[in-house]
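In what follows, a single structure is set out as structure tokens and then discussed.
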Ligand SMILES: *Cc1c(COP(=O)(O)O)cnc(C)c1O
């Protein structure tokens, strides 16, 4: 178990070699989802009293477990939200582990916190939030949204002692990401749905209609308005200025869920879609989605971080040395204490490449999406379902039913060509491509279209 013994040294060589080989693959194999029975037969019991030894355990991963994980960074992985970490970010993730950095407090990790905060500052500046804005990196957009809504609830309750035992309400569109509804459930909040337009967006009109329909009791119970900057299913963006207006009308918190789409703030062509985002009280952006970071890394930013600190700081005798100071501790800004300095790979990659390279990376994916849109438009058997705004293309294969989509999608993966799964649009099974990997070319897209 000692770092300097022979076995550990050999293992280090093997792990570095594996890492170098995996990172040099262009592309890596797409690989498979393997049924449990098959994995049981192949891998069996992997944890034993005596241990397998480093070489055997690594081989087991290399031969059996690794190939049973899809390569989300493959250029023809076009489902859900693909990953495309830069080499710099991936390599620095090794260093984050190797240095045992504690990312929770300034006292223990000041250098890491300083660097992470510069990455957060970049995001915050892109959104146009004030200089005092700040937050932390959490594991995903789901936890980021949960954090934001926990603060919104706290602020609403603190504003009036008679609200202490009341369940506030959140205005949320029916198309918002499922993590928002999950957060409402966890926080015991109620939701009031806002209608959406033909591309799933909340608009001035639908927000106005939602406000006009409120009863007096409802109006006095709204703690937050949640808007989405980049809907996961369609890639479209709510009217953020209208949502900000609604929130200020109601005296409510304004949360913007930009987990996927917030990345396009740095693009050279889409910034206008986000007008109003600068009025957010809180904002979620996942670098692990479209900002070239390895899993897991999601930013939660607050206009007034002190409100989050009041919500989340844990108090205990052994922590007093931390909480008695004004130092910036990431633990104070989400429901966590110990945390990996998971923003460091993003910081390192930004420091290495510069922010222009991020703009260019996002621009490349947007260009590929535009080409993909034109390709779909040009094919008689395909039909666009919504007009893409960011990097999601939703379309139907004319004449296909659910089973035909599923069979084609399964075969595409079985043939190791690509990974494209169907989604649902207004009850109809359709196809959805999401392009966040700059290595994805229009030829890759072409190879992943149904006949
Ligand atoms: C992906 C996504 C989430 C959830 O983020 P995770 O990192 O998967 O937890 C939330 N909101 C939107 C809009 C998303 O696209």
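Every number in this text was worked out from the coordinates using simple rules, so none of it is lab data. This structure is a prediction, so every number in the text was calculated from the model and none was measured. No Cβ is skipped: glycine too gets one built from the backbone with ideal geometry, and neighbour counts run over all protein chains shown.
The simple spin-label model puts a point 7 Å past each Cα toward its Cβ; for residue 162 and residue 50 those points are separated by 7.4 nm. The distance between label points at residue 318 and residue 381 comes to 6.4 nm (points 7 Å beyond Cα on the Cα→Cβ vector).
How would you classify the stretch 239-330 from its alpha-carbon gyration tensor, with a ≥ b ≥ c the square roots of the eigenvalues: rounded for a/c under 1.5, else prolate if a/b is greater than b/c, otherwise oblate? Verdict is oblate for the stretch 239-330. Taking label positions 7 Å along the Cα-Cβ direction at both residue 38 and residue 406, the computed distance is 1.8 nm, reported to one decimal. Compute the Rg/Rh shape ratio of the stretch 94-353: radius of gyration over Kirkwood radius, all on alpha-carbon atoms. Expressed as Rg/Rh, it is 0.97. Looking at the chain, the pairs of alpha carbons with a distance over 43 Å make up 17% of the total. Each peptide among 17-24, 138-145 gets the average number of other Cβ atoms lying within 10 Å of its residues, and from highest to lowest they stand as 138-145, 17-24.
Across every pair of non-identical alpha carbons in the stretch 410-451, the mean reciprocal distance, once inverted, gives a Kirkwood radius of 11.4 Å. Computed extension length for residue 271-residue 218: 15.7 nm, one decimal, from 0.36 nm per residue of separation with the Cα-Cα distance subtracted. In the stretch 124-230, inverting the average of 1/r over every pair of distinct C-alpha atoms gives 15.0 Å as the Kirkwood radius. Considered as an equivalent ellipsoid built on the Cα gyration tensor, the stretch 1-99 has semi-axes of 25, 22, 11 Å, the largest given first. Rounded to the nearest 500, the helix-only mean residue ellipticity at 222 nm of the chain stands at -12500 deg cm²/dmol, with each DSSP H run of n ≥ 4 adding -39,500 (n - 2.57). In the chain, the DSSP beta bridges split such that about 55 percent are antiparallel, to the nearest 5.
Computed packing ranks the peptides 286-299, 269-282, 313-326 as 286-299, 269-282, 313-326, most packed first, by mean other Cβ atoms within 10 Å. Averaging Cα coordinates gives a centre for the stretch 341-362 and one for the stretch 381-398; these two points are 30 Å apart.
Report the Stokes-Einstein translational diffusion coefficient (µm² s⁻¹, integer) for the stretch 41-142, Rh taken as the Kirkwood radius over Cα pairs, at 20 °C with viscosity 1.002 mPa s. So the translational diffusion coefficient is about 121 µm²/s. Taking only the C-alpha atoms of the stretch 287-339, Rg followed by Dmax gives 13.2, 41 Å.
Per-residue extension of 0.36 nm, minus the Cα-Cα distance of residue 8 and residue 188, leaves a gain of 59.9 nm for this segment. Once the Cα-Cα distance is subtracted from the 0.36 nm per residue extended length, the residue 357 to residue 70 segment shows a gain of 100.6 nm.
Where the alpha-carbon atoms of the stretch 355-447 are placed on the principal axes, they occupy 44, 29, 22 Å, in descending order. Between the C-alpha center of the stretch 69-115 and that of the stretch 246-308 there is a gap of 20 Å. Legend: calculated FRET efficiency, residue 241 to residue 19, from the Cβ-Cβ distance at R0 = 56 Å, rounded to 0.05, equals 0.80.
In terms of packing, defined here as the mean over residues of other Cβ atoms within 10 angstrom, the peptides 170-176, 9-15 line up highest first as 170-176, 9-15.
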